[in-house]
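**Student:** Got a structure for you, questions after.
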Amino acid sequence: MRPWQRLLLTAGEVTALWIIAWVGEALVRWAHWPVPGGLVGAGLLFLLLQSGILRLAWIEQGADWLLQELLLFYVPASVGIVQYIHSLWPRAGALLATIGLSIAGVMAITGGVAEVWSVLQRRSQTAQPHRAATTQVSARRPAP
């Protein structure tokens, strides 16, 4: 694929993702839901992918590009924080505590979900010994 074709493809995929996010924002405004539109857009994207209406291959390159450039999207927020640091300074302790508790909460929930997932995987493998044995044998075979 030529570079200009790749650029157009990526731009089209990013546009498709933007449209899904925009639909999420529009739904929130129309329904007066007390949730962020981006969250609804992400949920909509998940449903479209899970239902097969939208295939991952159709948006994968655009999503990869967005993830690679993610840091650029945080620059305006960082500039805003620096610009208004004098307003934030009196509340710095509360802000740091909130950030710390949020990080700890995310880590605890992620660890808990990973642990439950691991237990369910082990149970699934012990419930189906033939399937697990087949997987282990095929994993040991060298690739042709």
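The values are calculated or read from the model by the stated rules, or taken from the named source; none is laboratory data. All values derive from a computational prediction rather than experimental measurement. Glycine also receives a Cβ, built like all others from the backbone with ideal geometry; neighbour counts cover every protein chain displayed.
**Student:** Only one of VAL75, VAL79 is loosely packed, with under 10 Cβ neighbours inside 10 Å and either touching a Ser or Thr at 6+ places or on another chain (Cβ under 8 Å) or assigned to a helix (DSSP H, G or I) (or both). Can you tell me which? Outline the logic, then answer.
**Tutor:** Working: VAL79 fails: loosely packed, with under 10 Cβ neighbours inside 10 Å.
From the options VAL75, VAL79, the qualifying one is VAL75.
**Student:** Given the options GLU13, GLU60, name the one that is part of a helix (DSSP H, G or I) and either at pLDDT 95 or above or surrounded by fewer than 14 Cβ atoms within 10 Å (Cβ to Cβ) (or both). Outline the logic, then answer.
**Tutor:** Numbers: GLU13 fails: either at pLDDT 95 or above or surrounded by fewer than 14 Cβ atoms within 10 Å (Cβ to Cβ) (or both).
Of the residues listed, the single one that is part of a helix (DSSP H, G or I) and either at pLDDT 95 or above or surrounded by fewer than 14 Cβ atoms within 10 Å (Cβ to Cβ) (or both) is GLU60.
**Student:** In segment 16-57, what residues are outside any helix (DSSP H, G or I) and surrounded by 14 or more Cβ atoms within 10 Å (Cβ to Cβ)? Don't jump to the end; show me each part of the working.
**Tutor:** Step one: of segment 16-57, the residues outside any helix (DSSP H, G or I) are 32-36, 52-55.
LEU54, the sole residue that qualifies.
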